Ligand SMILES: Cc1cc2nc3c(=O)[nH]c(=O)nc-3n(C[C@H](O)[C@H](O)[C@H](O)COP(=O)(O)OP(=O)(O)OC[C@H]3O[C@@H](n4cnc5c(N)ncnc54)[C@H](O)[C@@H]3O)c2cc1C
C-alpha cells in the first residue's frame, strides 16, 4: 500500500451507554495522526457519545443498521466492511479484543484487505503505512507493509494515550445492511455477559496500570488488590497463582493467558518465567517486587524493589493515596 496523500481511516467503535470505550478513544487518537477519521458503529449512538466523537476529531459517524445485531460476529464484520467501503477508507482499525480479531479477519476477507492483528499503525518516512508489532516474548520487532489497497489492523491497547483533538462537526450517516446468510442462520436464545474479573476494575487487556501477583503472594492477594485500588489498576496473576485457585483464570497473564501492554506493570512475588514474560514484556514501564535479588524478572524491569510484597505494596499504595490527595 503506497502513500495516497490524505488517508481516510475507519475505526470500529463500541459505545457503552453514553461513553465511547477508552480503548476506542485511543485508536481514534492514533487514527487522527494518519488521516481523516470516520467511526463505524452497530446501531444508533446516544447524543453524548456523538459529542465525544466530535471532541476527538471524528468527522463522520456511520451508524450501521443491520438486520442481525453486531453481537453476531459475521454481522458485525459485514457491517464494518460496509462502513469502510461507504467512507472510502484505505485503513480500518479496531481495538484488539477476542471478538474484534474475528470481526477484523472477516471484514478484511470481505474487503480483500491485508490484516495485521495486535499491532500499531505507523507511517514510514515516505508516508507509507506500516504495522508494527513486537513478537516472540518481546525479542523481535516486526514492521509489515501492505500490498493491498485497504489495510486492516487491530490495535493493541495502550499504544498511545487517548486525547481529544480539534473538535469536528460530526456528519452522521445511517447505513442499512443485510447480514450475510451465515449470520442470519444464527439464533440467539440467551446472551449473558460474563464480567471478567472485578467489574469495578478496568479490563486487564486494556488497562493502563496492571498489578500482578504470583506464587510469592502465598495466596493472599490483599496487598495486590490494595495497590491496584490505589492506582485504579487491573489485577493480573501468573499461571501458578491461577492454578492454585487464588484468582480467576481471566487474570492470567502470559503465553497461555492474556497479553497486556500497559503503561505500568507491577509484578509482585513473580519470578519472571518466559511463559509469563511473553504476556507482559511490552509494558512501557515494568516494576518488580521480589525477596530474591536474583529473580529473572529483575533482568527486564525498569524498577526493582527487593523486599517482601506484604510490606512493600501497602506502603506504595499509601504513598499513592497521599500523593493523589495532595494534588
Ligand atoms: C506450556 C506452559 C504454559 C505456561 N503459560 C503460562 C502463562 O501464560 N503465564 C504464566 O504466568 N505462567 C505460565 N506458565 C508457568 C510458568 O512457566 C511459571 O511456572 C510461572 O509463571 C511461575 O509463576 P510465579 O512467578 O508465580 O511462581 P514462581 O516461579 O514460584 O516465583 C515466585 C516468586 O515469588 C518470590 N517471592 C516469594 N515470597 C515473596 C514475598 N513475600 N515477596 C516478594 N516476592 C516473593 C520468589 O522469590 C519467586 O521469585 C506456563 C508453563 C507452561 C509449561
Protection proxy (average C-beta count within 10 Å per residue), highest first, orders 122-129, 88-95 as 88-95, 122-129
Expressed as an acute angle from 0 to 90° and rounded to the nearest 10, what is the orientation of the C-alpha long axis of helix 73-87 relative to the principal long axis of the chain? 60
Cα-based convex hull volume of the chain per residue, rounded to whole Å³: 147
Can you give me the angle between helix 22-32 and the longest principal axis of the chain, using Cα atoms only, in degrees from 0 to 90, rounded to the nearest 10? 60
Rounded to whole angstrom, the alpha-carbon centroid of segment 208-244 lies from that of segment 100-168 at a distance of 31
Based on the alpha-carbon gyration tensor of segment 99-210 and its eigenvalue square roots a ≥ b ≥ c, which shape applies: rounded if a/c is under 1.5, prolate if not and a/b is larger than b/c, or oblate? rounded
Using helices alone, what [θ] at 222 nm do you get for the chain, with -39,500 (n - 2.57) per DSSP H run of 4 or more residues, divided over all residues and rounded to the nearest 500? -8500 deg cm²/dmol
Classify segment 8-185: rounded, prolate or oblate, from the alpha-carbon gyration tensor (a ≥ b ≥ c, eigenvalue square roots; a/c under 1.5 rounded; otherwise prolate if a/b is larger than b/c)? oblate
What order do you get for 298, 98, 132, 146 when you list them from fewest to most C-beta neighbours inside 10 Å? 98, 132, 298, 146
Ordered by packing density, taken as the mean number of other Cβ atoms within 10 Å over each peptide's residues, highest first, how do 269-276, 199-206 rank? 269-276, 199-206
Debye sum, Cα scatterers, segment 209-326, no solvent: what log₁₀ I/I(0) at q = 0.15 1/Å? -0.56
Residue order, fewest to most beta carbons within 10 Å, for 189, 97: 189, 97
Give the angle, between 0 and 90 degrees and rounded to the nearest 10, that separates the Cα long axis of helix 309-326 from the longest principal axis of the Cα atoms of the chain. 60
Which residues among segment 220-245 fall inside the zone where the amide N is under 18 Å from a point 7 Å beyond the Cα of residue 310, along Cα→Cβ? 220-227, 241
Just the Kirkwood number for segment 65-109, please: inverse of mean 1/r across all distinct Cα pairs, in Å, one decimal. 10.5
Please compute P(r) over all alpha-carbon pairs of segment 139-182, binned at 5 Å starting from zero, and give each bin as a whole-number percent. 5, 9, 10, 12, 20, 19, 14, 7, 3, 0
Each label sits 7 Å from Cα toward the beta-carbon; between residue 293 and residue 321 the label points are separated, in nm, by 3.2
To the nearest Å, what is the center-to-center distance of segment 1-71 and segment 258-327, using C-alpha atoms only? 34
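Every read-out reported here was derived from the displayed coordinates using simple, explicitly stated rules and does not represent laboratory data. Quick caveat, the model's predicted, so the values are computed rather than measured. Note that each Cβ is placed from the backbone with ideal geometry, even for glycine, and that neighbours are counted across all protein chains shown.
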